[in-house]
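K.L.:
Got a structure for you, questions after.
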Amino acid sequence: MTQFLQVDHLGMTFNGAEGELQALQDVSFNLAEQEFLCVLGPSGSGKSTLLRLIAGLIKPTAGSIQFGCLPGEHPRISLVFQQANLMPWRTVMQNILLPLELQGVEHGLALERANAMIHLVGLEEFAQAWPSELSGGMAQRVAIARAFIAEPDLLLLDEPFGSLDALTRERMGAELLNIWQSQRTAVIMVTHSISEALLLSDRVMVFSPRPASIVAEIKVDLPRPRQEETRYTPEFLKYAKLMRQAIK
């Protein structure tokens, strides 16, 4: 796969009323096109900061972030947070259409793409529902559909299922896997779940406590397409044990 993203010796220090807080320290890694990378680590270890830096929401205090685009070009990036952050005054369809409206896509084509995405996430019966009428899992499906419909070069997921119950979280992981396997966008996902990381990713990067540095990178050579049953295979359990040791 072609290299898409290069992060070199990245560092981030915040200055606050109580002094300096170093979030990231000498973080370096590459991401290939269409690769799914998961980031694991303790709470407060700088995982969300990494996503904000890559998205361009904040600037690093050390190191660099470079994309494998033509000079002067910047990739399309979508970011999904732990909360769905849907616009409450827009229906499910209207929320999903928003990125296409901002891109100026012709309305008929936009509707066609939105209907296809709604079908992909299984929300046909809720296309005209308001966000207040959706469960947490449904709202996250809308947020993910809205992110994918923009056809981003890179999708950043910041613990998108963290507020869901365990069963809904498993179902949402399977939904995300199905969507990604049909779209094959480059993804970086922050998660606290070893099982989730193994089911979804091509590679897992483990962070140390703050200031975060990379303590392990584990390539996940489980065959695709993956299903829920993959979680119970001997190979999966071996990877889970290896990852727990890396986190400790």
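Values quoted throughout were computed directly from the atomic coordinates according to the rules given, and no laboratory measurement underlies them. If you're wondering where the values come from, they're calculated on a predicted model, not measured in any experiment. Don't worry about glycine lacking a Cβ; one is built from the backbone with ideal geometry, like all the others, and counts go over all protein chains shown.
K.L.:
Could you tell me which trypsin sites (Lys or Arg not before Pro) in the range 18-91 are loop residues by DSSP with no more than 15 other beta carbons within 10 angstrom of their beta carbon?
P.N.:
Sparse-neighbourhood loop trypsin sites (Lys or Arg not before Pro): ARG76, ARG90.
K.L.:
Which residue, SER135, SER208, SER28, has the most motion in a Gaussian network model of the chain that connects Cα atoms within less than 10 Å?
P.N.:
SER135
K.L.:
Taking the highest mean first, how do the peptides 94-100, 104-110, 155-161 order by number of other beta carbon atoms within 10 angstrom per residue?
P.N.:
Top of the packing list down: 155-161, 94-100, 104-110.
K.L.:
For the peptides 33-40, 115-122, what is the packing order when you average, over each peptide's residues, the other Cβ atoms within 10 Å and list the highest mean first?
P.N.:
33-40, 115-122
K.L.:
Place a label point 7 angstrom from the Cα of LEU222 along the Cα-to-Cβ direction, then list the residues of the range 150-177 whose backbone nitrogen is under 11 Å away.
P.N.:
Label zone hits: 174.
K.L.:
A further question on this structure: Restricting to DSSP loop positions (anything but H, G, I, E, B) with no more than 14 other Cβ atoms inside 10 Å of their own Cβ, which trypsin sites (Lys or Arg not before Pro) remain in the range 154-200?
P.N.:
The qualifying sites are ARG184.
K.L.:
Of all DSSP beta bridges in the range 3-247, what percent run antiparallel (nearest 5)?
P.N.:
For the range 3-247, the DSSP antiparallel bridge percentage is about 55.
K.L.:
Have a look at THR61, ALA216, ILE188 and report the one farthest towards the positive end of the charge dipole of the range 3-247, computed about the Cα centre with Cβ charges (Lys/Arg +1, Asp/Glu -1).
P.N.:
ALA216
K.L.:
Put +1 on the Cβ of each Lys and Arg and -1 on the Cβ of each Asp and Glu in the chain; which of GLN22, ALA116, ALA145 then has its Cα farthest toward the positive end of the dipole?
P.N.:
GLN22
K.L.:
Under 21 Å between alpha carbons: how many lysine pairs meet that in the chain, if sequence neighbours fewer than 8 apart on the same chain are excluded?
P.N.:
Within the chain, the lysine pair count is 7.
K.L.:
Separate question: Out of (i) 18.3, 54; (ii) 20.0, 68; (iii) 17.5, 57, which label holds the value of Rg and Dmax of the Cα atoms in Å that was computed here?
P.N.:
The listed entry that was calculated here is (i).
K.L.:
Here's a follow-up. Set the Förster distance to 25 Å, then compute FRET efficiency between ILE247 and ILE65 from the Cβ-Cβ distance, nearest 0.05.
P.N.:
0.50
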